[in-house]
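One structure below.
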Amino acid sequence: MIRAGVVRHWMVDLLALAVLCGYGGLVWLVAGGAQGTASVALDPVMAAARERGTLRIAVDVGVLPFADQQGERLVGYDIELVEIVAARMGLATEFVPTGFDGLYDTLTSGRADLVASALVYAPEQGFRARFSSFYFDAGQMLLVPEAGPVRKRRDLAGRTVGVALGSDADALARGLVRDGLTMHLVSAYDEPADAVAALQAGYLEAVMVDHMTALAAIHAHPELRIAEALSFEPLVLAMPRSAFQLEADINRILADLRREGILMTLEQRWFGSDRP
């Protein structure tokens with residue numbers, strides 16, 4: 001008869017072998033075994049999207065020019081961007097119209113795989129979302145005439161600078177004045193575009209406006225230029241915490257789109273003065 005100690009020894013050996021096999025299988029999966037399906041299998045969001053054949057995207061419709069309703073379809077910078085991203089992943093898009101306050105909830109509830117809605121990077125939301133690399137800087141820009149003397153913010157000393165009252169540019173400009181920049185600040189404009197019009201008319205020597213307004217102004221008036229970026233406000237795509245493979249794929253595609261000039265083309269199309 002085989003002694004009990006020997007049987008126990010065999011059982012321990014078999015258990016150890018099973019653990020090693022399981023660990024090896026996991027490593028093989030993470031490394032991309034089974035023709036690259038490993039990480040997808042470990043990412044439940046990506047796996048479900050592959051099974052459906054669609055990427056579900058939460059958008060706050062009406063945030064122009066990022067997402068708008070035209071007839072039966074959605075259009076805008078973010079809409080076109082995620083359609084390109086999804087197509088490169090071999091997926092169709094399925095949009096989930098959602099109010100801004102509920103965007104993150106669509107991720108935690110499983111109703112959406114991605115949020116694309118002029119979303120500013122918010123690290124405080126990291127407990128329930130992952131974020132892509134940024135695809136657009138929505139920060140404040142210093143816009144000046146091409147032939148003018150202003151090259152940097154330090155050149156604004158003693159000059160007349162316009163901003164829209166109550167805008168982020170207004171708050172930034174007032175901060176610069178408090179810090180000792182002796183410019184003459186005019187904040188009598190209702191909209192950033194009104195400040196740009198005053199610059200064009202010669203009433204101002206520079207304006208501070210958001211990046212979208214600055215791009216539209218340059219598109220309409222090539223004699224204007226962005227002298228300096230005054231702040232950085234990165235727009236990103238958000239996805240559930242568990243969607244690590246989706247995040248990696250999106251970041252790779254965004255890098256490709258930037259390198260190929262497609263992000264620049266989208267900027268020209270949707271932030272230009274003659275946008276669709």
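Of the trypsin sites (Lys or Arg not before Pro) found in the stretch 81-152, the ones in coil according to DSSP and having at most 16 other Cβ atoms within 10 Å of their Cβ are R111, R128, R151, K152. Quick one: go through the stretch 197-230 and flag any residue whose amide nitrogen is under 15 Å from the point 7 Å out along the Cα-to-Cβ line of D137. Label zone hits: 209-215, 226-230. Mind giving me the nanometre distance, one decimal, between the label points for T54 and R178, set 7 Å out from Cα along Cα→Cβ? Here the modelled spin labels are 4.8 nm apart. If you wrap the Cα atoms of the stretch 40-129 in a convex hull and average its projected area over all directions, you get 6.1 nm². Between D194 and R151, the simple spin-label model (points 7 angstrom out along Cα→Cβ) gives 3.4 nm.
With the simple model of a label 7 Å out from the Cα in the direction of the Cβ, D256 to S109 spans 3.3 nm. Note on T265 and T160: the extension gain reaches 34.5 nm, defined as 0.36 nm multiplied by sequence separation minus the Cα-Cα distance. Peptide packing: for 136-145, 243-252, 179-188, the average count of neighbouring Cβ atoms within 10 Å per residue gives the ranking 136-145, 243-252, 179-188, highest mean first.
What translational D, rounded to a whole number of µm²/s, comes out for the stretch 83-237 from Stokes-Einstein when the hydrodynamic radius is the Kirkwood one over Cα pairs, at 25 °C and 0.890 mPa s? Estimated via Stokes-Einstein, D reaches 140 µm²/s. Our summary gives the stretch 41-88 a relative contact order of 20 percent, counting only alpha carbon pairs under 8 angstrom and 6 or more residues apart. Counted by Cβ distance under 12 Å from S242, the other residues give a net charge of 0, where Lys and Arg count +1 and Asp and Glu count -1. Percent of Cα pairs in the stretch 175-276 per distance bin of 5 Å, from zero to the largest separation: 2, 10, 15, 18, 17, 12, 9, 9, 6, 2, 0. Rounded to the nearest angstrom and listed largest first, the equivalent-ellipsoid semi-axes of the stretch 140-229 from its Cα gyration tensor are 18, 14, 11. Note on the stretch 96-139: semi-axes of the ellipsoid equivalent to its C-alpha gyration tensor, largest first and rounded to whole Å, are 18, 13, 9. For the stretch 49-139, DSSP calls about 25 percent of its internal beta bridges antiparallel.
Throughout, read-outs are computed from the coordinates displayed, never taken from laboratory work. Note that the coordinates shown come from a computational prediction; the quantities given were computed from them, not determined experimentally. Cβ: placed from backbone, ideal geometry, glycine included. Neighbour counts: every protein chain shown.
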